[in-house]
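Student: Submitted below is the structure of interest, expressed as structure tokens.
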Amino acid sequence: MVEQTVQIISNEREADLYYRLVVRAPEIAPLVQPGQFAHVRILPLREALLRRPFSIFQVSGSTLSILYKTIGKGTEVLSRMRPGEELSLIGPLGHGFTVPPPSGETPLLVAGGYGMAALYLLAQRSPQKGIVFVGGRRRADILCEEEFRALGWEVRVTTEDGSHGEKGLVTEALLTELKRRPAGRKLFACGPSPMLKAVGRLAAEFDLPAEVSLDEHMGCGIGVCLACVVPIKAGDGWEYQRACTEGPVFDSRQVAWEAAK
Amino acid sequence: MNLSVKIGTLTLQNPVTVASGTFGYGAEYSQLIDLNQLGAVVVKGIRLGPVRGNPTPRTFEVTSGLINAIGLQGPGVDGFIRKFWPFLKELKVPAIINIWGTTVEEYAEVARRFDALGGVGALELNVSCPNIKEGGAQFGTDVKLLSQVVGACRKVTELPLITKLSPNVVSIAPYAKAAEAAGCDALSIMNSFPAMAIDIKTRRPRLANVTGGLTGPCIKPIAIKLVWEAAKAVKIPIIGMGGIQSAADAIEFLMAGATAVAVGTANFYEPQTALQVIAGLRQFMQQNRIQDLRELIGSVQTGK
């Protein structure tokens, strides 16, 4: 992990409430593993203190990018920042996804909304191409579909209102696929908690390995404040582990789903 | 230029420490800052056995502050010694161990264990955590219990004892005096202030624990006043804390009567803060031709 002041190269609206931020971060970008995140201090944000965690979307040489949705004060201020302005980044942080080996289980990626961003590097660095399942409420929530196709992955889209792809939930599309061919798959998921829980259930039902990226309110991002804890099996019960340090990516079988939100 | 200060028999190379609970067990920050530049490292509160902590959400950000209800999650004495002490004991600066219990006997037992460990810089007694049902703040808001806790720990260790006081009292002076009379060497002022926030859409509290402790820049003026009051009441040194994010903030605490300071919540958003405070202190002393930091302590002029 490195703390670095970085310069914004671009910060453009992608669609609807979604933005794509590109920064020059030469000390951080080369270290990034799929599924890791950057903890961003939005310097113009005065009265809100904490950094905001974002999955690292893409990495290219000395730059890295982040795909974010404006959901609150922090991301709104961030969305108004212009090229040349500075941010403070700590990264790369957290334990990410395991890059699949060249042969073996076929990787199936499952994303809800901007959870897609956390999976891009995994798709790019995986020597095996698989299928990406992406879901959202409506068409505008489906991001970077073409960028995954450009990597040679098959992309299956679902929307809850049927405005794009198949109508339904992303996990329903996943279930259909698993029924068709139940064995030899490994799941990788990032998205809202109910989706991750459903992926965890499917993985258990079909006895498939799965890695899930869990989300919880984050404070420091480096493991000291213990805000972002998630329940992980330990001994006969479970204990709280840190999404920022032991996670955000956990083996689905290790998650104590009954205690998770 | 002298920046060193004394807390009981313990000498700090400079007065800037970190607040318990905002710095983990030190190792976490070692990749981002040189810990050996600090006055001391203060670890998160430890009781005898492991503690799971409160359910989530555990934190909520408010205007210029943070409400937390972590619930003192921790590995217990044995887990701490096994996992974190090997790193801490190699530091060149003192490690101050924050301890707590649910009974007077437990405080004393934890103190005894750390006394036996050897190499500990000082013990900080947490009698003021607002997020623990048993123990925690009940010891810090009852003068008699406070004296008993400090007295029981004093009996089992020669280590410098620091008592971390609660801000949630009508007047802090009796508590400061009671801790001093029971044999403690210094006071940490203050712990977080009890607080609450509500999500108006769901009508639910923002924290799973319903209430929490408020920290960050918004509590600084409260802490300054408490330090000022306590400093008039006791002779032992005070470690001032509450919302410090710059050298100017730290100097305010020193002028109010603190001998040392601790950077707390700012560690979460800017890990360099403590080092920036040290650099800023030196600069302030140079600019004002102050040879010894002790000249600043309690130097506030309240007369007309």
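The values are calculated or read from the model by the stated rules, or taken from the named source; none is laboratory data. Fair warning: this is a prediction, and the values are worked out from it, not measured in the lab. Here Cβ is always computed from backbone atoms with ideal geometry, including for glycine, and neighbour counts include all displayed protein chains.
Student: So, in segment A:178-194, exactly how many residues are within 30 Å of B:N267 (Cα to Cα) and more than 14 Å from every other protein chain (Cβ to nearest Cβ)?
Tutor: 3
Student: Suppose we keep only residues that are on the phi > 0 side of the Ramachandran plot and facing another protein chain (nearest Cβ under 7 Å) within segment A:219-239. Which one would you say is surrounded by the most Cβ atoms within 10 Å (Cβ to Cβ)?
Tutor: Here the answer is A:L226.
Student: Separate question: Residues that are within 14 Å of another protein chain (Cβ to nearest Cβ) and closer than 19 Å to B:V277 by Cα, at least 1 per element: which strands (runs of 3 or more DSSP E) completely within segment B:1-45 meet that?
Tutor: B:16-18
Conditions tested, residue by residue: (1) over 29 Å from B:N68 (Cβ atoms); (2) under 22 Å from the mean Cα position of the chain (by Cα); (3) at pLDDT 95 or above; (4) within 14 Å of chain B (Cβ to nearest Cβ).
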residue	(1), (2), (3), (4)
A:A173	yes, yes, yes, no
A:T176	yes, no, yes, no
A:L196	no, yes, yes, no
A:G200	no, yes, yes, no
A:A203	yes, yes, yes, no
A:P209	yes, yes, yes, no
A:L214	no, yes, yes, yes
A:H217	no, yes, no, yes
A:Q241	no, yes, yes, yes
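Student: Name the single residue, out of those in segment B:251-281 being within 14 Å of chain A (Cβ to nearest Cβ) and of a type in the set (S, T, N, Q), that is surrounded by the most Cβ atoms within 10 Å (Cβ to Cβ).
Tutor: Checked segment B:251-281; the qualifying residue surrounded by the most Cβ atoms within 10 Å (Cβ to Cβ) is B:T265.
Student: From (1) of a type outside the set (G, A, S); (2) part of a loop (DSSP other than H, G, I, E, B); (3) over 30 Å from A:E258 (Cβ atoms); (4) within 14 Å of another protein chain (Cβ to nearest Cβ), pick out the condition that doesn't hold for B:P57.
Tutor: B:P57 satisfies all of (1) of a type outside the set (G, A, S); (2) part of a loop (DSSP other than H, G, I, E, B); (3) over 30 Å from A:E258 (Cβ atoms); (4) within 14 Å of another protein chain (Cβ to nearest Cβ) except (3).
Student: Continuing with the same structure: Report, by residue number, each residue of segment A:73-116 that is modelled with pLDDT under 95, under 16 Å from the mean Cα position of the chain (by Cα) and within 22 Å of A:A48 (Cβ to Cβ).
Tutor: A:Y114 - this is the single residue of segment A:73-116 that is modelled with pLDDT under 95, under 16 Å from the mean Cα position of the chain (by Cα) and within 22 Å of A:A48 (Cβ to Cβ).
Student: Exactly one condition in (1) among the hydrophobic types (A, V, I, L, M, F, W, C); (2) buried (at least 21 other Cβ atoms within 10 Å of the Cβ); (3) in a helix (DSSP H, G or I); (4) away from chain A (no Cβ under 14 Å) is false for B:A248; which is it?
Tutor: (2)
Student: Okay, next question. Among the numbered criteria (1) touching a residue at least 24 places away in the same chain (Cβ under 8 Å); (2) out of contact with any Gly (no Cβ under 7 Å at 6 or more places or on another chain); (3) of a type in the set (G, A, S), which one does A:A234 miss?
Tutor: (1)
Student: Then there's this: Examine segment B:131-141 for a residue that is within 24 Å of B:T11 (Cα to Cα) and not small (G, A, S), and state whether such a residue exists.
Tutor: No, because not a single residue in segment B:131-141 is within 24 Å of B:T11 (Cα to Cα) and not small (G, A, S).
A quick yes/no check of all residues on (1) closer than 21 Å to B:G240 by Cα; (2) within 14 Å of chain A (Cβ to nearest Cβ); (3) not acidic (D, E):
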| residue | (1), (2), (3) |
| --- | --- |
| B:R112 | no, no, yes |
| B:G119 | no, no, yes |
| B:K155 | no, no, yes |
| B:V169 | yes, no, yes |
| B:P205 | no, yes, yes |
| B:I222 | yes, no, yes |
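Student: Quick one: count up the residues across segment B:92-103 that are out of contact with any Asp or Glu (no Cβ under 7 Å at 6 or more places or on another chain), surrounded by fewer than 18 Cβ atoms within 10 Å (Cβ to Cβ) and touching a residue at least 40 places away in the same chain (Cβ under 8 Å).
Tutor: 1
Student: Oh, and also: Sort out which residues of segment A:243-261 are more than 11 Å from every other protein chain (Cβ to nearest Cβ), part of a loop (DSSP other than H, G, I, E, B) and surrounded by fewer than 22 Cβ atoms within 10 Å (Cβ to Cβ), and write them in order of number.
Tutor: Those that are more than 11 Å from every other protein chain (Cβ to nearest Cβ), part of a loop (DSSP other than H, G, I, E, B) and surrounded by fewer than 22 Cβ atoms within 10 Å (Cβ to Cβ): A:E246, A:A256.
Student: Among helices (runs of 4 or more DSSP H) lying entirely in segment A:44-159, which contain 2 or more residues that are within 14 Å of another protein chain (Cβ to nearest Cβ) and crowded, with 16+ Cβ neighbours inside 10 Å?
Tutor: A:73-79
Student: Whether any residue in segment B:219-234 is more than 25 Å from B:K6 (Cα to Cα), modelled with pLDDT of 95 or more and either surrounded by 16 or more Cβ atoms within 10 Å (Cβ to Cβ) or over 19 Å from the mean Cα position of the chain (by Cα) (or both) is what I want to check.
Tutor: yes
Student: From the list B:V149, B:V120, B:V110, exactly one residue is of a type outside the set (D, E, K, R) and part of a loop (DSSP other than H, G, I, E, B). Which is it?
Tutor: B:V120
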